[in-house]
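Please read the structure below before turning to the comments.
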Amino acid sequence: MSDSPPEESRSEAPQPEDPEAEDTSPEEPDETSQEPDNQSIRNEMTASGQEWLERRQSLDDLFADERPSTGTRDLIGRVSNRVKKGDIWFAQGDIHVDQGRTQPTATIYELTLNEIEDLRRTLVSTQSQAELCRLLNSERLVLLGGAAETGKATTALAALLDWGGKVSWIVPHGASTPNPRDWKLESGHGYLLDLVDTPDAVDGVTTNLRRAGVNADCRMIVLVPERIKSSVAPVIEHDPPPNSRIFAKHLSVQAHSARLASDDQRLLDEELRALSAPWQVVELARQVAATVESGTSIEVMLNRRFNRMRAKVGEDLEKRRPILGRCFMTSIAVLHGLPEAEISAAALALAERLDEKWRRDHSPKSVQLWEQLPLWLSYVDAEATTAGPGGGRSIRLRRPKLAAVMLRVIWEDQPTIRDSLVDWLLWLGGEGSSHTRIKVGHAVGKLATFDFAVVNERFLEVWSKSRRSRDHQLAALALEAAAEDPSMTRRVHLHLRTMIQGNDAKKAIAIRAYASSVGLSAPDQALAAFRTLVLTRGVKFHHDVAQSIAYLYRVDTAHTIVNRLAGWVNDGGPAGHRSAALAFGRLAALPVSTPERPHLSQLDSHPSLVTLWRNALSYEEGGRLVVPESWDLLLSEWLRHYNERSTVREITDQIFSLTDRRNAKRSLLYLRLWRHHGEISADLYRHLRQLVHRS
């Protein structure tokens, strides 16, 4: 059923407020305030599911091979990774399902005995650790400064353990500013708080700690950026331990009897000098231990690592002649996995841009157009695979990790082509297919992990001044990809907090960006932003918010989302009714139920489900249901579970009870129609009909 049944004339529903005018280029079509075509919700959800899978594959190609093994990464890496994926506050029950309650600004995670033992076995002591231990004897609060990813968190935890024996890490949620008044700090306990990404909050938070949190029987170390000044507490600058000592310590733990040949040790020393972060050294030790155990070659293992591949890609770029071969390398670095025609056309477009920019004599010569594809493929160790009769060919790198390496080398080591590369990526994302947009957006996000400020200026700000929804999607994809780097996740959250307060284009970008691991790592923050937008900014964001909420719907967030949407119905006025109906319709139309994303009928019975079903089945604008498929979804996605699921029975009986006259007439009409077509049993028809008549 696509429309509500014909009935007597209806009163006009209140109209949402007019959207504010945008200060953007007038020659662009304004897509920010346009509602999409009224396509089937099922089709939309199926398409969205396919897009999410494609995005996940694209991110895995760019990041998966660079992610260290969480099983043997250093302690801080393991804890940080769990927090950023949300497992800590999901698993510990810190998402509150009661309406009106908000998530705490931070999670307090206590290290286990095994983690403490692991830290002590692999610790490399530093002078800053000794200085921290000395200060903790007399100071309740100490700041530890230093460059990012230099192991200062491990040093701080070790000092706190030396002081008291028990330690916890306080992890801020998303872009929230930690509020010490929310915490109950225990006597004899050491705490580590990370404020590295929010230097402007250091004075305020540490002052509040002095006033409300730290007593004589517990200690707090706050991680801050390097060379920061404080009038609240003493500051120690971290001195990172040498890579060689970290490597030796971890290798002795990972492989007790490992004996390395002198040639292997020389190769490893070269690799260690190229590493910048302790966790990278720890990962190298893990790989060496595994290589020694398997009896394979250290050199072969090193050749698969980033620094060796980077050097090889740099050499290949120097050798490639003519220019089109290098452009093909750049094109496949961005678009690998897409059809050969798209990759080749993109390579040619980049070559033409470079030729035009660097042509000195302004002669009409053109780029050399003809080269053999096998030669191009040999440049980048790629292969062309046929999709079947008439399906064309796709090109993939034999080693997908090369894509990220090539992007880094091209961006960092080829500054003379950077302007042309930026223009090419902007053009490619603006004109390409939806598959191309995903690849381009994620490639730009990868570049953001190298230099966020430059990418923000050259890409994100450009896209955030556009009225085109495809540009908003590109910016959101870039932020999604940037957040895949654990060291960038909080920075992306902070960036989204500013965007959600910006113009309408920036708001649209933030909504889309939250439909990713960014939103899953701080769902309360995302939902709070959505509520503000849908209740205050007219209808323009309702559809995008509904789609983003559908993405955030997981087993750990389901009750929170359902309760928040019911709150929009109860106290959000017409805008709340409308946006809740759109979002709930998409939750009801999820194409497949999985343990991670359960069907609504598998949730516990809750009054919020009744509220949301009744709202979706009845809320109208201009004489039409906002979710015209709601009754069809009730029949096909809900009532089919009536006999075997108690939640469905309880909620259904309440849906058809206590209804007003207008909805009673609609209910009776649909019940007669369903029974006439044999879609519900006679017993269920009579039962539900009686509930309506009694109401």
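The values are calculated or read from the model by the stated rules, or taken from the named source; none is laboratory data. Every value quoted in this text rests on a predicted model; they were computed, and no experiment measured them. Heads up, the Cβs are rebuilt from the backbone with ideal geometry, glycines too, and the neighbour counts pull from every protein chain shown. We work out accessible area using only protein heavy atoms, side chains counted, and drop any ligands, DNA or RNA first. Shrake-Rupley method; radii C 1.70, N 1.55, O 1.52, S 1.80 Å.
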(request) May I ask you to list pairs of residues, at least six apart or on different chains, whose Cβ atoms are under 9 Å apart, with the first in the range 234-254 being among the acidic types (D, E) and the second being open to solvent by 40 Å² or more (accessible area, probe 1.4 Å) and in a helix (DSSP H, G or I)? (result) D239/Q127
(request) Give just the number: which of (1) of a type in the set (V, I, T); (2) in contact (Cβ under 8 Å) with a residue 60 or more places away in the chain; (3) under 18 Å from V409 (Cα atoms) does V444 not satisfy? (result) (2)
(request) Pull up the range 387-408, narrow it to residues that are closer than 23 Å to L421 by Cβ and over 22 Å from the mean Cα position of the chain (by Cα), then point me to the one that is surrounded by the fewest Cβ atoms within 10 Å (Cβ to Cβ). (result) R399
(message) Pull out all pairs, ordered by first then second residue, where Cβ-Cβ is under 6 Å, the residues are six or more apart or on different chains, the first lies in the range 321-348 and is touching a residue at least 60 places away in the same chain (Cβ under 8 Å), and the second is of a type outside the set (A, V, I, L, M, F, W, C).
(response) M329/Y379; V334/K439; L335/K439; H336/R396; G337/R396; L338/H435; A346/S331
(request) Answer yes if at least one residue in the range 530-539 is over 16 Å from R437 (Cβ atoms) and crowded, with 24+ Cβ neighbours inside 10 Å, and no otherwise. (result) yes
(message) If R666 satisfies all but one of (1) in contact with an Asp or Glu (Cβ under 8 Å, 6 or more places away or on another chain); (2) open to solvent by 10 Å² or more (accessible area, probe 1.4 Å), what's the number of the condition it fails?
(response) (2)
(message) Tally up the residues in the range 612-669 that are of a type in the set (K, R) and not in a helix (DSSP H, G or I), please.
(response) 2
(request) May I ask you to verify whether I500 is under 26 Å from S394 (Cβ atoms), over 11 Å from the mean Cα position of the chain (by Cα) and of a type in the set (V, I, T)? (result) no
(request) Report the residue count in the range 671-682 for those that are open to solvent by 90 Å² or more (accessible area, probe 1.4 Å) and under 17 Å from I655 (Cα atoms). (result) 1
(request) Assess whether T498 counts as being of a type in the set (S, T, Y) and free of Cβ contacts under 8 Å to residues at least 24 places away in the same chain. (result) yes
(message) Of the conditions (1) open to solvent by less than 70 Å² (accessible area, probe 1.4 Å); (2) at pLDDT 80 or above; (3) closer than 14 Å to I332 by Cβ, W411 satisfies every one except a single condition; which number is it?
(response) (3)
(request) Please tell me if R564 is open to solvent by 10 Å² or more (accessible area, probe 1.4 Å), of a type in the set (K, R) and either touching a residue at least 60 places away in the same chain (Cβ under 8 Å) or not in a helix (DSSP H, G or I) (or both). (result) yes
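For A510, are the conditions met, namely being small (G, A, S) and open to solvent by less than 10 Å² (accessible area, probe 1.4 Å)? Please lay out each step first, then the result.
Working: small (G, A, S): yes; open to solvent by less than 10 Å² (accessible area, probe 1.4 Å): yes.
Considered against the rule, which asks whether it is small (G, A, S) and open to solvent by less than 10 Å² (accessible area, probe 1.4 Å), A510 comes out as yes.
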(request) Report, by residue number, each residue of the range 32-70 that is open to solvent by 60 Å² or more (accessible area, probe 1.4 Å), under 24 Å from the mean Cα position of the chain (by Cα) and at pLDDT below 65. (result) D65, E66, R67, T70
(message) For the list (1) open to solvent by 40 Å² or more (accessible area, probe 1.4 Å); (2) in a loop (DSSP other than H, G, I, E, B); (3) not aromatic (F, W, Y), I need the number of the one condition that L426 fails.
(response) (2)
(request) With a cut-off of at least 3 residues that are over 22 Å from L160 (Cα atoms), name the helices (runs of 4 or more DSSP H) lying wholly within the range 188-297. (result) 243-254, 262-274, 278-294
